[in-house]
Each structure stands twice: as structure tokens, then as C-alpha cells.
Amino acid sequence: MMSKAIRIHAVGGPEVMKWEQVPTPQPGPAEALIHHEAVGLNYIDVYFRTGLYKTQLPAILGMEGAGVVVAVGDEVQNVSPGDRVAYAGGPLGAYATERVINAERLIKLPDSIDFTDAAAMMLQGMTAQYLLHRTFKVQAGQTILVHAAAGGVGLILCQWASYLGVNVIGVVSTPEKAAIAAANGAKHTIVGYTGLAAEVKRITGGAMVPVVYDSVGRDTFNTSLDCLAPLGMMVSYGNASGPVPPFDISVLSNKGSLFLTRPGFATYTSNRADMLACSTSLFAAVAKGIVKIQVNQTFPLEHAAAAHEALEARKTTGSTVLLP
Ligand code: NDP
């Protein structure tokens, strides 16, 4: 049997992504074969495509998908053929009509969640979940700073934090994105990074913020530190503008005994119990309407290169799904 997949044979621009016929893999004893109905687009896919994050080549990109179980290995107990499932996280291989994956990584989908929403929410939504509840546990009444607030993770952070009684200052690049962030719960919005700390000072009456969720990386790292209150927490969880260069830790002391963490999805979902706790919390937030997943763009999986171009050009808002 054959499948179709977006494969890269070299790292580089979107043009390295090729729509190819590949043999449909057979599940090993602990694995399930899934037919994808929808595949999530995430910024991490760009990092693997450009070579910022390393993988063996050739590689099928993608870390998130939703679909139906086609077959399972002998040892698999948690899912059966016909089950509706979704997953997020490594190993790579989601940009394909079919894939195999360790069945322990699969989460059964509630009937209320369709495949497109599932593919959009698993990685971005579980990330927002752990950032707000584990990395830095936000509390009602706090004012926090969220970069790329109209993006995939950003819109979920805005909605969830505002439900928790937190005042979100959302940073975005255009007035249109500011309006979207505001409509999704950001109490304040700031367009651009110039004068960011001064604006945060004005909004917070000089107090500054206890946490910054910074997914932009190189362009915002230093400015973000300047927005923190003493003992504040810098959560540097992405590098959309490029990786943060090597850093002198004495700066943390000078700027107010700050905390710095660089969290990764893999750590927070490394065991099944943590992964299920995180996904259960997300599904509950979606079921209660606390978080509405905004799939603002879809592309045929075959045209994943166009989706990457749009994401890197900052032309997307909310989540983007690739349809096989
Ligand atoms: P987004 O939808 O947020 O897209 C990226 C956004 O980053 C853009 O829309 C843009 O918003 C902003 N941005 C700022 N500077 C640049 C730049 N130079 N080039 C491109 N974009 C830029 O993507 P995702 O929701 O998929 O991911 C958001 C971030 O979260 C990424 O950095 C990703 O790596 C990270 N992430 C981290 C995880 C973890 O566990 N550590 C897990 C999941 C995601 P604007 O135009 O408003 O500036």
C-alpha cells in the first residue's frame, strides 16, 4: 500500500517540501497506523524545515494530527481500529495521509471535537495549558504579557488567561491582529515592540508584569526582560524571529532577580499521565466554551509549502490546518 506525504530531502525554504508517494508504514507491536483527516501546522515545523532544529533526512515533517485508527500492533490496548484519535509531539511524520505512531501518544477524541479542531488544538492548546497552569501558574488579578497574541498559541493563551481573571497585554504586529487579540480576551494590546517596556509600565501603573510568555525569541528577549516586575518569570517558549543568542545570567540579577525558563512541549507531556491531564484540561476548556479554537486558515496538505510561507510572513492568525 502507498501513502502520500510532504517530505524534505534537504533543509531550506518552503521549496524543499515535496509531495511524494511513500510506502504506507506497518505498525510495530506498540504502534497504531492512523489515517489522517487533518494535520496541524505549527511553527516548530518551520524550525525543522529550515534546520534550526535537527532531524535525520529525508524526513516527513509535522508533529500533530487527527484521524482514524486503521490498524494496531499486538501489544496495543488503549485504541482499536475505527477509533477517532489525535496526538501532538514527536516523532516527526504528521504531514502524511497515513502514519504509524506509538499508541501511547494517542488520545481518543470526544465526539464533540471534529478532526479539524482537534488537529488545530492539540499542540497549541496543550502548550497554552501547561504554560498557564504549570510553567507559571497565573492567578486572577495579575496582568501578564503575551507575545504573538493573535497567533495559534497566542489566541488560546488570551482566551484562557482572561477566563481565569487575568489581564492580558497582547503584543502583535498590526492593528488588525490587535483587534483579533482583543476580541479573544486581551484586555490591552500593543502593536510592535518599540517602547514596549514603557507601554507596559504605563498600563501597569509602574508595577510591570509577573510573567512574560515570549514565543518570538531573538527580537523580543531583552525587551521582555525589561517588562518584568522584580522576581518575575521570563517564559521563553519559542523562536519565531530566530533563536535567543547566548546570554549573561548576571542580567537576571541586575533586572530584579528574575527567573528564566525555556520550556518544551516534550518535557511537559513526556509521560502518559501528564499528557492526559493536559489534554483533558484542554478538552474541558473547549467543551465549556472557555477556549474557542480559531481555525482561520486551511490548506490542502499537498500545498503545505504555501502554508509555511503564510506562517513565516506573519500572514496567519489563530490556527492553521492542513487537509490531506
Ligand atoms: P503563531 O501562529 O504564533 O505564528 C508565529 C507568530 O509569531 C507570527 O504570526 C507573528 O505574530 C510572530 N512573529 C514575531 N516575529 C516573527 C518573525 N520574525 N517571523 C515570523 N513570525 C514572527 O505560531 P504557533 O502558534 O504555531 O507558535 C507560536 C510560538 O510558540 C512559536 O514560536 C512556537 O515555536 C512556539 N511553541 C512552543 C512550544 C513549546 O512547548 N515550547 C509548543 C508550541 C509552540 P505578529 O505578526 O503578531 O508578531
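The values are calculated or read from the model by the stated rules, or taken from the named source; none is laboratory data. All values reported here derive from a predicted model rather than from experimental measurement. Cβ atoms come from the backbone with ideal geometry, glycine included; neighbour counts cover every protein chain shown.
When Y53 is tested against (1) surrounded by fewer than 20 Cβ atoms within 10 Å (Cβ to Cβ); (2) within 21 Å of the chain's Cα centre (by Cα); (3) part of a strand (DSSP E or B), only condition (3) is not met. Between T267, T320, T316, the distinction of being within 16 Å of the ligand (Cβ to nearest atom), under 16 Å from the mean Cα position of the chain (by Cα) and surrounded by fewer than 13 Cβ atoms within 10 Å (Cβ to Cβ) belongs to T267 only. Checked across the range 171-181, the condition of being surrounded by 14 or more Cβ atoms within 10 Å (Cβ to Cβ) and away from the ligand (no atom under 15 Å from the Cβ) holds for no residue. On the stretch given as the range 35-68, residues that are in contact with a Gly (Cβ under 6 Å, 6 or more places away or on another chain) and of a type in the set (V, I, T) total 2.
Answer with yes or no whether T127 is hydroxyl-bearing (S, T, Y), out of contact with any strand residue (DSSP E or B) (no Cβ under 8 Å at 6 or more places or on another chain), outside the structural domain of S319 (by TED's automatic domain parsing) and without any contact (Cβ under 8 Å) to a residue 24 or more places away in the chain. Against the criterion (hydroxyl-bearing (S, T, Y), out of contact with any strand residue (DSSP E or B) (no Cβ under 8 Å at 6 or more places or on another chain), outside the structural domain of S319 (by TED's automatic domain parsing) and without any contact (Cβ under 8 Å) to a residue 24 or more places away in the chain), T127 does not qualify. Applying the condition of being part of a loop (DSSP other than H, G, I, E, B) and β-branched (V, I, T) to the range 3-29 and asking which residue is nearest to A59 (Cα to Cα) yields V11. For the range 283-295, which positions are in contact with a strand residue (DSSP E or B) (Cβ under 7 Å, 6 or more places away or on another chain) and more than 13 Å from A128 (Cβ to Cβ)? Answer for the range 283-295, where residues must be in contact with a strand residue (DSSP E or B) (Cβ under 7 Å, 6 or more places away or on another chain) and more than 13 Å from A128 (Cβ to Cβ): just V295. Out of everything in the range 270-289 that is touching a residue at least 60 places away in the same chain (Cβ under 8 Å) and over 18 Å from the mean Cα position of the chain (by Cα), what residue ends up being farthest from the ligand (Cβ to nearest atom)? If we take residues in the range 270-289 being touching a residue at least 60 places away in the same chain (Cβ under 8 Å) and over 18 Å from the mean Cα position of the chain (by Cα), then A287 is farthest from the ligand (Cβ to nearest atom).
For the range 112-142, the set of residues classified as of a type in the set (D, E) and either at pLDDT below 95 or outside any loop (DSSP other than H, G, I, E, B) (or both) consists of D117 only.
Taken together, the residues in the range 290-313 that are small (G, A, S), within 21 Å of S215 (Cα to Cα) and away from the ligand (no atom under 14 Å from the Cβ) amount to 0. A single entry from L145, L92 fulfils the requirement of being within 16 Å of the ligand (Cβ to nearest atom), outside any strand (DSSP E or B) and among the hydrophobic types (A, V, I, L, M, F, W, C): L92. The set of residues in the range 148-170 that are over 22 Å from V321 (Cβ atoms) and more than 9 Å from the ligand (Cβ to nearest atom) comprises A161, S162, Y163, L164, G165, V166, N167, V168, I169.
Here the range 204-248 is the region considered, the condition is being assigned to a loop (DSSP other than H, G, I, E, B) and away from the ligand (no atom under 16 Å from the Cβ), and the residue that is surrounded by the most Cβ atoms within 10 Å (Cβ to Cβ) is M208.
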